[in-house]
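Let me begin by presenting the structure, written as structure tokens, before commenting on it.
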Amino acid sequence: MKKGAKIGIIVAVVVLVIISAFVRYVVGTYNRLVSLEETVESQWAQVQNQYQRRYDLIPNLVATVKGYASHESEIFTQVAEARSKAGGVMELGSDVLDDPEKFEKFQQAQNELSTGLGRLLAVAENYPELKANENFLALQDQLEGTENRISVERKKFNEEVQKYNRAIRSFPGNLVANKHGFEKKAYFNATEEAKTAPKVEF
């Protein structure tokens, strides 16, 4: 075999090895980004589950408080309106994660509901019989647990979003992310009203 042919074969093998390594890198990076995105979406579902749990507790809580404080109609109206608004954004799919405006709307509706619940629970301060009602105490306990779970799930969600966003923005992973349409996800940000869960202990 001629020397030129040997060199040609060696060059071809080297080129094939480089191309193969590049393809493996691109495929590996793509699969890693898909996995990170799936984790974010899975964590989003957990956040939604906890918000749904809170959403489902509200009618019973309102009915119990209303039994003792029926004249507090303004607060009941505020809670009903906030719950209705939150319900309107409750069924958003994971596509909301790619739309900062929709994500902000979801978060704002949930924060308004938290504020309304805080006001509703503050009403109980004026009604000692209500504070002693077993049904109210059980609902209060469930709500407190749900608010804590919401906080935990939002924190986990933000951690997963941070990992994902870092991966799609870091070089050279950002080359694969840009080519295949991986977009930055939004974080939950605490508003002034939402920095603390509604006060549910008396």
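Within the stretch 42-63, residues that are closer than 22 Å to V123 by Cα and of a type in the set (F, W, Y) sit with their Cβ atoms under 9 Å from residues that are open to solvent by 30 Å² or more (accessible area, probe 1.4 Å) and part of a helix (DSSP H, G or I), at 6+ positions apart or across chains, in these pairs: Y55/R83.
Going through (1) farther than 30 Å from P128 by Cα; (2) open to solvent by 40 Å² or more (accessible area, probe 1.4 Å); (3) aliphatic (A, V, I, L, M) one by one, A63 falls short only on (1).
Tallying residues that are surrounded by fewer than 15 Cβ atoms within 10 Å (Cβ to Cβ) and of a type in the set (S, T, Y) within the stretch 66-111 yields 4. Identify, please: which residue in the stretch 33-60 is in contact with an Asp or Glu (Cβ under 7 Å, 6 or more places away or on another chain) and more than 16 Å from Q107 (Cα to Cα) and is, among those, most open to solvent (accessible area, probe 1.4 Å)? The selected residue is T39.
If you check A21, A69, A86 for being without any contact (Cβ under 8 Å) to a residue 40 or more places away in the chain and either touching a Ser or Thr at 6+ places or on another chain (Cβ under 6 Å) or closer than 22 Å to E144 by Cβ (or both), only one passes: A86. Total residues in the stretch 148-190 satisfying the condition of being open to solvent by less than 20 Å² (accessible area, probe 1.4 Å), at pLDDT 90 or above and assigned to a helix (DSSP H, G or I): the figure is 9.
The values are calculated or read from the model by the stated rules, or taken from the named source; none is laboratory data. Note that the structure is a prediction, hence the values are computed from the model and not measured. Cβ sites come from the backbone with ideal geometry, for glycine too, and all protein chains shown count toward neighbours. Side chains included, ligands, DNA and RNA excluded: accessible areas come from the protein's heavy atoms. Shrake-Rupley method; radii C 1.70, N 1.55, O 1.52, S 1.80 Å.
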